[in-house]
1. Got a number for carbon plus sulfur as a percent of the chain's accessible area, 1.4 Å probe?
2. Tell me the angle of helix 53-62 to the major Cα principal axis of the chain, expressed in degrees between 0 and 90 and rounded to the nearest ten.
3. The chain: D in µm²/s via Stokes-Einstein (Kirkwood Rh, Cα pairs, 37 °C, 0.692 mPa s)?
4. Once the whole set of protein chains is in place, how much accessible area is left on Asp47, using a 1.4 Å probe, in Å² to the nearest 10?
5. Rolling a 1.4 Å sphere over the protein heavy atoms, what is the accessible area per residue of the chain, to the nearest Å²?
6. Kindly provide the helix-only [θ] at 222 nm of the chain, computed as the sum of -39,500 (n - 2.57) over DSSP H runs of four or more divided by all residues, to the nearest 500 deg cm²/dmol?
7. How far apart, in nm, are the 7 Å Cα→Cβ label points at Asn38 and Leu69?
8. Tell me, what HN-Hα J-couplings in whole Hz come from the Karplus equation 6.51 cos²θ - 1.76 cosθ + 1.60 at θ = phi - 60° for each residue of the range 3-20, using x for Gly and Pro?
Amino acid sequence: MENVKLAVKGMSCGHCINSIEGNVGKMNGVHFVKVHLNEEKVEVSFDSKVVSLKEITDIIEGQGYDVELSKLPKDQSCH
């Protein structure tokens with residue numbers, strides 16, 4: 001299981017939250033996704049044997065947002 005925190009620019013409202021959480025959350029291998037609108041962050045927990053981080057970021061970027069990656073510390077979980 002991998003946990004990542006993505007810096008996502010361009011999110012501004014509830015529709016952005018629903019769009020990202022909905023589209024990323026339905027991907028095979030994604031166990032958890034949470035948008036933090038005020039922080040411009042998206043936390044994702046996923047099985048890297050099933051889905052790649054690039055596939056996840058491609059989904060987000062495909063919706064018109066800009067993504068930067070920063071890994072969560074190993075002791076920090078998305079849950």
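The values are calculated or read from the model by the stated rules, or taken from the named source; none is laboratory data. The structure presented is a predicted model; accordingly, all values stated were derived computationally and were not measured. Cβ placement follows ideal geometry from the backbone for every residue including glycine, while neighbour counts extend to all protein chains displayed. Please note that ligands, DNA and RNA were not included when accessible areas were found on the heavy atoms of the full protein model with its side chains. Shrake-Rupley method; radii C 1.70, N 1.55, O 1.52, S 1.80 Å.
1. Details: 2160 of 4640 Å².
Its accessible area is 46 percent carbon and sulfur atoms.
2. Here the helix axis deviates by roughly 10 degrees.
3. Details: Rh = 12.3 Å.
Value of D from the Cα-based Kirkwood radius: 268 µm²/s.
4. Approximately 50 Å² of Asp47 is accessible to the 1.4 Å probe.
5. Working: 4640 Å² over 79 residues.
With all protein chains present, the chain gives 59 Å² per residue.
6. Numbers: 2 runs with 22 residues, N = 79.
-8500 deg cm²/dmol, from helical runs alone.
7. Going from the Asn38 label point to the Leu69 one covers 2.9 nm.
8. For the range 3-20, the Karplus curve yields 10, 10, 10, 9, 7, 10, 8, x, 7, 9, 7, x, 4, 4, 4, 4, 5, 5 Hz.
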